[in-house]
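What follows draws every value from the coordinates through simple rules; no lab data is involved. Note that the coordinates shown come from a computational prediction; the quantities given were computed from them, not determined experimentally. Don't worry about glycine lacking a Cβ; one is built from the backbone with ideal geometry, like all the others, and counts go over all protein chains shown.
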Amino acid sequence: QKEVEQNSGPLSVPEGAIASLNCTYSDRGSQSFFWYRQYSGKSPELIMSIYSNGDKEDGRFTAQLNKASQYVSLLIRDSQPSDSATYLCAVALTSGTYKYIFGTGTRLKVLA
Amino acid sequence: EAEVAQSPRYKITEKSQAVAFWCDPISGHATLYWYRQILGQGPELLVQFQDESVVDDSQLPKDRFSAERLKGVDSTLKIQPAELGDSAMYLCASGLRAGGFANTGELFFGEGSRLTVL
């Protein structure tokens, strides 16, 4: 079992729709959760972080965390073609040594 | 705005040759990470430093890869000899701190070094 799992996609949504991206993690000691966006050929950039159960909203983005289910998601409202990218879920945990682990990413396509 | 500097941006080499990548993190960042990202996959951690010390190098192929951060500032990742399967983007990232804190914060990435092994 991979430590951080994502559906690789592609996930295609029409412009203006809500895109829903999901991530599960295996280590219950995970403490911090992040969503990074990566455009093709570029390096990842942070778009959301979440540390406690519940929802966290920032503009068009909402991160949701459920530690009991070991599940974190990202919702993108009013999706735009410029949102087309790969979205990486990352988990930070202290388990012996500190780790910062990425999932394989979900490729999102927003269709104009 | 402070940035993570990496060089070279692109490197083409033949297999069995040596190659080195350099990274200068954001000033004051104690943690430094080297990741390898193969096309279509997520970043895979190779090595993590806390100041000048290696915290995790469990996924570093030590027969051919080495990494150092001698003064706890900039870092070098070396591959010798390079193999065809090493073709990838090598990403350096830095962060403020690690371990012992619930909110560990984001990582800041450099632009990456794309390696092609022929």
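Give the calculated FRET efficiency between B:GLU3 and A:TYR71 to the nearest 0.05, with a Förster radius of 35 Å applied to their Cβ-Cβ distance.
0.55
Given R₀ = 25 Å, FRET efficiency for B:SER16-B:SER66 by Cβ-Cβ distance, to 0.05?
For B:SER16 and B:SER66, the calculated efficiency is 0.95.
Name the most mobile residue of B:PRO43, B:PRO61, B:PRO25, meaning the one with the largest mean-square fluctuation, in a Gaussian network model of chain B with Cα contacts below 10 Å.
Result for chain B, Cα springs under 10 Å: B:PRO61 fluctuates most.
Could you check the simple spin-label distance between B:ALA30 and A:GLU57, using points 7 Å along Cα→Cβ, in nm with one decimal?
Going from the B:ALA30 label point to the A:GLU57 one covers 3.6 nm.
Would you mind checking which residues have amide H under 5 Å from A:TYR51's amide H? H placed 1.01 Å from N; only 5 or more apart, or other chain.
Residues meeting the criterion, in which the H sits 1.01 Å from N, do not exist here.
Just want to confirm a number: the relative contact order over chain B, from Cα pairs under 8 angstrom separated by 6+ residues, in percent.
Computed value for chain B: 37 percent relative contact order.
Of the listed peptides A:3-9, B:28-34, what is their order by residue-averaged count of other C-beta atoms within 10 Å, with the highest listed first?
In descending order of packing, they fall as B:28-34, A:3-9.
Share of antiparallel DSSP beta bridges in the protein assembly as shown, in percent to the nearest 5?
If I count the DSSP bridges inside the protein assembly as shown, around 90 percent turn out antiparallel.
Separation between the B:GLN80 and B:LEU96 pseudo-spin-labels, each 7 Å from Cα along Cα→Cβ, expressed in nm?
According to this spin-label approximation, the distance is 3.8 nm.
Please tell me which of these pairs span more than 20 angstrom C-alpha to C-alpha: A:LYS42/B:LYS11; A:LYS42/B:LYS62; A:LYS2/A:LYS67?
A:LYS42/B:LYS62
Contour minus end-to-end for A:LEU46 and A:ASP78, with contour as 0.36 nm per residue of separation and end-to-end as the Cα-Cα distance?
Length gained between A:LEU46 and A:ASP78: 9.6 nm.
For the charge dipole of chain A, defined by +1 on Lys and Arg C-beta atoms and -1 on Asp and Glu C-beta atoms about the Cα centroid, which residue among A:LEU65, A:GLY29, A:ILE50 has the Cα displaced farthest towards the positive pole?
Checked the options; the winner is A:GLY29.
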